[in-house]
Amino acid sequence: MPTGWCLLSNQRSWLITLSGGAAPNTDDSDGVDRTALQAGLDLALAAGAFGQRVTLVFAGSGVGLVTHTTDAEDPLYRLLGSAPFYDIDSVYILDGATPQTAFRNDLHVTAMSHKEWLAAAGEAHVVINY
Amino acid sequence: MKISLIIRTSGTVPNQCERIQDFIQSAVDQGHEIKQCFFQGAGVAAALGDQTLSRWRQLATLTGAELLLCSQAVEASALSVPEPFVVAGLGALVEAAVNADRLVSFV
């Protein structure tokens, strides 16, 4: 039996959506639940590190992490920049993107419609929202 | 069905811990298997509250489920960890998600 078979048998598809709005306590001055965004991003990177297929979607308050910013020193923003090292090569933005939206240029950011998000949720083995 | 849980609910949400515990009890009563409860963020402190701790112990005995506390939250709050809780990293959560039929998240 090929060695890689065991690895592939444990690979699942994950859909992780980061909106930062689900938790009741907000700890940032702009009302964004940074702890939820941090927890979700940490899990996405951990899953990627363990060979999982991760589809990472940003919505709501999480959108700021994939749009162009002048505050590139923000720890979460920088952490997301490491996603390709965890085999997360593309990230998605759920609705809200316009042709004028300027995405960060160190990641491949793709717009995803609500219909596409629902389809992705139906196909994924693990679906989690943060 | 094998079920694992992510629990991030804060202790400030009234009765939320009890609802999660009722969910576990109900799932077991219906023949499902609870593999792991992974407590993350605010869920870690909530799990160790005086009002919920004894029932978590009962549920751990009943289900045999692992009760894992996110290491990041434990270190950040300098919490002491009573049995049957165990400190674990995100790798344990990934493993549980891979091996479970359903991963249910409570926020």
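The values are calculated or read from the model by the stated rules, or taken from the named source; none is laboratory data. Remember, it's a predicted structure, so these values are computed and weren't measured experimentally. When we count neighbours, we look across all protein chains shown, and the Cβ atoms used for this are built from the backbone with ideal geometry, even at glycine. Heavy atoms of the whole protein, side chains included, go into the accessibility calculation; ligands, DNA and RNA do not. Shrake-Rupley method; radii C 1.70, N 1.55, O 1.52, S 1.80 Å.
Summary of computed values
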| read-out | value |
| --- | --- |
| For q = 0.17 Å⁻¹, Debye-computed log10 I/I(0) when each Cα of the stretch B:2-56 counts as one equal scatterer | -0.50 |
| Amide proton proximity set for B:L5, modelled H, under 5 Å, gap of 5+ | B:Q36, B:C37, B:F38, B:V104 |
| From phi via Karplus (6.51, -1.76, 1.60), per-residue ³J(HN,Hα) for the stretch A:120-126 in Hz, x at Gly/Pro | 5, 5, x, 8, 6, 7, 10 |
| Additional length obtainable on full extension of the chain from B:L79 to B:K2, 0.36 nm per residue less Cα span | 24.8 nm |
| Sulfur and carbon atoms: percent of accessible area, the stretch B:1-96 [1.4 Å] | 48 |
| 1.4 Å probe accessible area per residue over the protein assembly as shown, in Å² | 50 |
| Long-range HN-HN contacts of A:T67 with modeled amide H, under 5 Å | A:R104 |
| Protein-only accessible surface order, largest first, of A:R34, A:R104, B:R57, A:R78 at 1.4 Å | A:R78, B:R57, A:R34, A:R104 |
| Shielding score for B:91-97, defined as the mean number of other chain Cβ atoms within 10 Å | 5 |
| Percent breakdown of C-alpha pair distances by 10 Å bin, ordered from the shortest bin, for chain B | 15, 54, 29, 2 |
| Those residues of the stretch B:66-82 for which accessible area with every protein chain present is at least 20 Å² below the isolated value (1.4 Å probe) | B:Q72 |
| Inter-centroid distance (Cα atoms) of the stretch B:1-49 relative to the stretch A:61-130, Å | 29 |
| Table column - 3J(HN,Hα) (Hz), the stretch A:50-64, Karplus curve with 6.51, -1.76, 1.60, x for Gly and Pro | 9, x, 7, 8, 10, 9, 10, 10, 10, 8, x, 5, x, 4, x |
| Placed amide H near B:V87: partners under 5 Å, 5+ positions off or other chain | B:L69 |
| Chain-alone versus full-assembly comparison, the stretch B:4-25, residues with accessible loss of at least 10 Å² (1.4 Å probe) | B:I6, B:R8, B:S10, B:V13 |
| Chain B - mean residue ellipticity at 222 nm from DSSP helices (-39,500 (n - 2.57) per run, n ≥ 4, rounded to 500) | -14000 deg cm²/dmol |
| For the stretch A:42-66, residues shielded by at least 30 square angstrom of accessible area compared with the chain on its own, probe 1.4 Å | A:D42, A:L43, A:F50 |
| Chains A and B, summed buried accessible surface - 1.4 Å probe, Å², nearest 100 | 1400 |
| Evaluated over the protein assembly as shown, the Cα radius of gyration and Dmax, each in Å | 18.3, 56 |
